[in-house]
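See below for the structure under consideration.
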Amino acid sequence: MLIDKDPFNCFMPYEAIRVANAADGPLAGLTLAVKDIFDVAGYRTGSGCPMRLAQSSVASVTAPAVQRLLDAGAQFVGKTHTDELAWSMYGMNAHFGTPVNPAAPDRIPGGSSSGSAVAVAGGLADIAIGSDTGGSVRAPASFCGIWGLRPTHGRASLDGVQPLAPSYDAVGLFARNGATLARAVDALIGPDTVDLPPNPVLLRPTDMIAQLAPEKKAMYNCFFGALSAQDVEVFPQGVAAAYDIFLTTISGDAKAAIVPWIKASGMPLVRGIDGRLAAAEQLTEAQIADARKARANYAAKIVALLGDTGVLLAPVVPEAPFRLDAPSEVFDTYRHDAMRLLCVAGLVGLPQVTFPASIVDGAPFGLSLIGPRGSDLSLIALANALPKGLAPGSIPPLVNKQHKCAR
């Protein structure tokens, strides 16, 4: 890392190698942290896995997504921790440790882009690049009280990035405020292909909101309740059916993209990866094919629901981040509860911007907007333009300030 101190254990302790960036540009003056699944010239790519790191050669070419930010003037400051092989969402790595959540040190930081989120939340980087497959930017953004974007699938290059589930993998970004996030997103993916109108059709996804506990539902209503929005359902065949499609297709992708390497390497399987690996291996090609057809049908319905003007006022995750010493049953269930909300954008390839809402149960809790494919920048602009009191901007690092919506 190129910074002097890392009090939050969010950077990999690699030898500091400077990476060239443009002298000026739209991101000049901003520092950049990079998740350690992206190649950066001069560095190895460890992917949170000691065996992967040992087998990695020093990269000679920087991943195009990272290079675009460097070419826009951002200054690289280091590679950040990730869950092993980016295959989790808690931010806890058995080999390299757990980054400290600056907004709630006793809680999980969220993963797999844990180090990137923590670097931004802790003020050690202005922007950070991560990846989002099942929620690995959106969840840690919510947990750490910062802004994050999972962009429209395919708008940013995944070359030079360790794959997990390619039809879900997306390059994501973090920032402490919406204006900075918009600058970084513009540099990464360029202009929108779909411009939201000044007054988009706001949609309340009642079957997502129903998954929130009463106090989180009250928080949602405090932030969004004053807006005129239509009630809609995004799970026409039920939450369980959509989640089954999600699990089968994402596991089918992983079976082809990462499972062969895991098996060939003989790496020790930590808790969590062992179960996901077993589930992926048990899938038949017929099951995967059927689920992919069902996914396409589901996506078509949601695309039609949104059109070019619809925006979902969406929860991100069902709860604030849980404690690091939570009982094992919490670890076993939270991931599934969260992904029943996070799966919507992933299934359809939609952009979703997450922003801090308030402190709930002593930790940050975010909300989000989900828009049509290609509406990434106008979606961020909409989040920035929400009526005063709805989107407070960001929670300053290390400050647990109660927002008026807190219960």
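The values are calculated or read from the model by the stated rules, or taken from the named source; none is laboratory data. Since this is a predicted model, take the numbers as computed values, not measurements. No Cβ is skipped: glycine too gets one built from the backbone with ideal geometry, and neighbour counts run over all protein chains shown. The accessibility values were calculated without ligands, DNA or RNA, using every heavy atom of the protein model including side chains. Shrake-Rupley method; radii C 1.70, N 1.55, O 1.52, S 1.80 Å.
Tell me whether the stretch 78-92 contains one or more residues that are closer than 17 Å to Ile146 by Cβ, crowded, with 24+ Cβ neighbours inside 10 Å and more than 17 Å from the chain's Cα centre (by Cα). Looking for residues that are closer than 17 Å to Ile146 by Cβ, crowded, with 24+ Cβ neighbours inside 10 Å and more than 17 Å from the chain's Cα centre (by Cα), one finds none in the stretch 78-92, hence no.
In the stretch 306-324 there is no residue that is modelled with pLDDT under 95, of a type in the set (S, T, N, Q) and surrounded by fewer than 19 Cβ atoms within 10 Å (Cβ to Cβ). Residue check: Pro50 meets all listed conditions (1) of a type outside the set (A, V, I, L, M); (2) in contact with a His (Cβ under 9 Å, 6 or more places away or on another chain); (3) open to solvent by less than 50 Å² (accessible area, probe 1.4 Å) but one, namely (3). If you go through the stretch 326-349, how many residues are among the charged types (D, E, K, R) and without any contact (Cβ under 8 Å) to a residue 40 or more places away in the chain? The qualifying residues number 2. Exactly one of these conditions fails for Thr98: (1) surrounded by fewer than 24 Cβ atoms within 10 Å (Cβ to Cβ); (2) hydroxyl-bearing (Ser, Thr, Tyr); (3) within 19 Å of Ala254 (Cβ to Cβ). Give me its number. Checking Thr98 against (1) surrounded by fewer than 24 Cβ atoms within 10 Å (Cβ to Cβ); (2) hydroxyl-bearing (Ser, Thr, Tyr); (3) within 19 Å of Ala254 (Cβ to Cβ), the one that fails is (3).
If the condition is being open to solvent by 30 Å² or more (accessible area, probe 1.4 Å), in contact (Cβ under 8 Å) with a residue 60 or more places away in the chain and under 18 Å from Phe365 (Cβ atoms), then the stretch 219-238 contributes only Cys222. The residue that is modelled with the lowest pLDDT, among those in the stretch 109-122 that are open to solvent by less than 10 Å² (accessible area, probe 1.4 Å) and not in a helix (DSSP H, G or I), is Gly111.
Among the conditions (1) over 18 Å from Leu341 (Cα atoms); (2) crowded, with 24+ Cβ neighbours inside 10 Å, the only one that Pro197 does not satisfy is (2). Filtered by the rule that a residue be surrounded by 15 or more Cβ atoms within 10 Å (Cβ to Cβ) and under 30 Å from Asn297 (Cα atoms), the stretch 208-218 gives Met208, Ile209, Gln211, Leu212, Lys217. Listed conditions (1) under 27 Å from Pro197 (Cα atoms); (2) surrounded by 14 or more Cβ atoms within 10 Å (Cβ to Cβ) are all met by Ala300, apart from (2). Tell me which of these Val100 doesn't satisfy, since it passes every other one: (1) in contact with a helix residue (DSSP H, G or I) (Cβ under 9 Å, 6 or more places away or on another chain); (2) of a type in the set (A, V, I, L, M, F, W, C); (3) closer than 23 Å to Pro7 by Cα; (4) part of a helix (DSSP H, G or I). Unmet condition: (4). Filter the stretch 61-76 down to residues that are assigned to a helix (DSSP H, G or I) and in contact (Cβ under 8 Å) with a residue 24 or more places away in the chain and give me whichever is surrounded by the fewest Cβ atoms within 10 Å (Cβ to Cβ). Among them, the one singled out is Asp71. Hey, any hits in the stretch 123-145 for a residue that's open to solvent by 10 Å² or more (accessible area, probe 1.4 Å), among the β-branched types (Val, Ile, Thr) and outside any loop (DSSP other than H, G, I, E, B)? No - not one qualifying residue is present in the stretch 123-145. Name the residues in the stretch 20-43 that are crowded, with 20+ Cβ neighbours inside 10 Å, more than 17 Å from Ser131 (Cβ to Cβ) and of a type outside the set (S, T, N, Q), would you? Correct list: Leu27, Leu30.
As a summary of the residue check, Gly154 satisfies the conditions (1) open to solvent by 20 Å² or more (accessible area, probe 1.4 Å); (2) over 30 Å from Pro260 (Cα atoms); (3) at pLDDT 95 or above except for the one numbered (2). Return the pairs, sorted by first residue and then second, in which the second residue is in a helix (DSSP H, G or I) and open to solvent by 40 Å² or more (accessible area, probe 1.4 Å), the first residue lies in the stretch 273-289 and is free of Cβ contacts under 8 Å to residues at least 60 places away in the same chain, the beta carbons are less than 7 Å apart, and the residues are 6+ apart or on different chains. From residues that are free of Cβ contacts under 8 Å to residues at least 60 places away in the same chain, the pairs are Ala280/Lys255; Glu281/Lys255; Leu283/Lys255.
I need the full set of residues from the stretch 252-272 which are touching a residue at least 40 places away in the same chain (Cβ under 8 Å), touching a helix residue (DSSP H, G or I) at 6+ places or on another chain (Cβ under 7 Å) and crowded, with 16+ Cβ neighbours inside 10 Å, in order please. Across the stretch 252-272, the qualifying residues are Gly252, Ala254, Ile258, Ile262, Met267, Val270.
Scanning the stretch 77-97 for residues that are assigned to a helix (DSSP H, G or I) and of a type in the set (Gly, Ala, Ser) yields one hit, Ala86. The set of residues in the stretch 176-234 being of a type in the set (A, V, I, L, M), more than 29 Å from Asp126 (Cβ to Cβ) and at pLDDT below 95 consists of Ala213, Ala218, Ala226, Leu227. The number of residues in the stretch 21-51 being among the charged types (D, E, K, R) and out of contact with any helix residue (DSSP H, G or I) (no Cβ under 7 Å at 6 or more places or on another chain) comes to 3.
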